[in-house]
1. Need the full-extension length gain, residue 352 to residue 285, defined as separation in residues times 0.36 nm minus the C-alpha distance. One decimal, nm.
2. Order 215, 362, 52 by their accessible area, 1.4 angstrom probe, all chains in place, largest first.
3. Hey, any idea what % of region 4-79's accessible area is carbon plus sulfur with a 1.4 Å probe?
4. Could you tell me the accessible area of residue 241 in Å² (1.4 Å probe, neighbours in place), rounded to the nearest ten?
5. Compute the distance in nm between two label points, each set 7 Å from the Cα along the Cα-to-Cβ direction, one at residue 40 and one at residue 247.
6. Compute the acute angle (0 to 90°) between the alpha-carbon long axis of helix 118-136 and the principal axis of greatest extent of the alpha-carbon atoms of the chain; round to the nearest 10°.
7. Using a ≥ b ≥ c from the Cα gyration tensor of region 8-61 (square roots of the eigenvalues), is it rounded, prolate or oblate, where a/c under 1.5 gives rounded and otherwise the larger of a/b and b/c decides, a/b for prolate?
8. Using a 1.4 angstrom probe on the protein heavy atoms only, line up 273, 237 by accessible area, largest first.
Amino acid sequence: MVGIRELFEDQASPAGRIVRAIAAIGSATATQLVKSTGLARSTVSTLLTELKDGGIVLDMDTKSNGFGRPSQLLSLNPAAGRCAGVLLGLGEIRIAICDLAHTVLSDIWFAMDKDYTPQDAARCVRSSLEEQCALLGVDMSELLGVGLAISAPVSYDGEILNGSILPTWCGTNIAAVFSEQLGCPIHVENESHCGALAEMTWGAAVGEPNFVLFKFDLGIGGAIVIDGTVQRGAHGYAAEFGHMSLDPRGPPCRCGNRGCLETFAGGFQLLRYAEQSFGETISIEQFVERARNGEAAYARLVDDAAEMAGWGMGIAFTILNPPLFIIAGKLAEVGESFINGLERSFARHSVAPPAHSPEKRKPRFVVGTFRGNDDTVMGAVALVLRQHGRITSEVSPAS
Ligand SMILES: [Zn+2]
């Protein structure tokens with residue numbers, strides 16, 4: 001039996017497919033594995049026996065579906081390897097370490113200078129990982145991979161593309177910088193794609209193979225998930241919903257265009273409006289709290305943002321027709337006033353469902369499960385668990 005690292009990275013072998021299918025959902029029955037891998041039941045059964053003998057798969061508690069014999073739940077052996085997820089944020093870094101049974105072993109946060117460089121980040125992440133691994137009694141070499149989440153579109157080979165909240169990082173190959181320091185497989189994705197992976201693995205999108213996520217935070221991002229895969233597009237720009245241009249004569253955007261959705265409904269912009277209008281510099285958390293409390297001036301800014309956000313979601317619906325929208329990010333924490341406004345605007349800006357079956361053909365709107373930046377750091381862990389966004393020497397849009 002080959003080792004866990006080879007099984008994780010082997011996209012083609014039946015045993016690798018079983019291991020990755022269990023890693024993606026944490027625990028599974030043999031029937032679920034037959035369904036998710038497409039392998040014959042007898043093949044799954046034989047390979048599970050081998051994987052158990054090799055100490056890679058463990059029997060867990062049984063799962064009853066209410067009738068017949070309860071099904072045996074299986075998980076990966078937590079001691080077989082660990083994964084780390086790293087959030088590279090504006091002036092902060094957060095690192096989580098998980099085992100293969102999805103238990104969070106360590107979750108730490110530290111501040112960085114506002115203008116920290118990718119090299120500073122890689123050095124700090126390395127020393128922090130060394131420290132955390134030592135506390136856990138784990139050797140760094142046991143890390144099956146490190147996932148990096150960054151607020152920018154990222155190319156398949158790990159280059160940060162235009163649109164980053166860390167503008168000086170544009171053009172840097174972040175995967176190469178981290179690979180040099182960490183010496184283990186590196187996975188990189190933008191934070192909204194990581195958010196979608198977190199929702200698929202632990203949150204509002206468990207068991208949902210098709211959905212579109214909109215993340216309304218300081219910036220606006222998103223993810224398109226089709227058949228259980230987060231779509232990246234030809235170059236990594238897929239679902240950059242914040243940069244849909246809604247008004248060619250609108251305000252200039254950080255991407256270089258004008259009138260992008262982000263210039264109307266992005267948190268940075270809302271804070272700027274609040275500062276210009278009310279002369280107060282506040283944080284996004286304070287903004288959300290004031291809007292939640294119904295302070296009229298802030299509630300109005302949220303209404304206006306919801307109007308534009310619903311318009312943007314209407315466009316996404318016209319193009320993709322998803323059955324489910326997940327609404328994530330700090331603005332979602334404003335609650336009903338934002339979500340209801342957004343749904344009203346969405347109805348005005350998308351194809352109306354037929355009168356005889358309106359409910360059947362409407363998408364569902366669900367607020368994401370995670371709060372703060374938990375979705376981003378856990379999504380970075382899920383990059384490794386789901387082998388998404390891994391940088392390989394042979395880069396192709398299909399990887
Ligand atoms: Zn833009």
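The values are calculated or read from the model by the stated rules, or taken from the named source; none is laboratory data. For clarity, every value in this text was computed on a predicted model and none was experimentally measured. Every residue, glycine as well, gets a Cβ built from its backbone with ideal geometry; the counts of neighbours run over all protein chains shown. What goes into the accessible areas is simple: the full protein's heavy atoms, side chains included, and nothing from ligands, DNA or RNA. Shrake-Rupley method; radii C 1.70, N 1.55, O 1.52, S 1.80 Å.
1. Working: separation 67, 0.36 × 67 = 24.12 nm, distance 3.48 nm.
Length gained between residue 352 and residue 285: 20.6 nm.
2. Numbers: 215 10, 362 100, 52 75 Å².
I get 362, 52, 215, largest accessible area first.
3. On the way: 2090 of 3970 Å².
Here carbon and sulfur together make up 53 percent of the probe-accessible area.
4. 20 Å²
5. 6.3 nm
6. Orientation of helix 118-136: about 50 degrees from the principal axis.
7. Working: a/c = 1.17, a/b = 1.11, b/c = 1.05.
Note, shape of region 8-61 comes out rounded.
8. Details: 273 65, 237 105 Å².
Order by accessible area, largest first: 237, 273.
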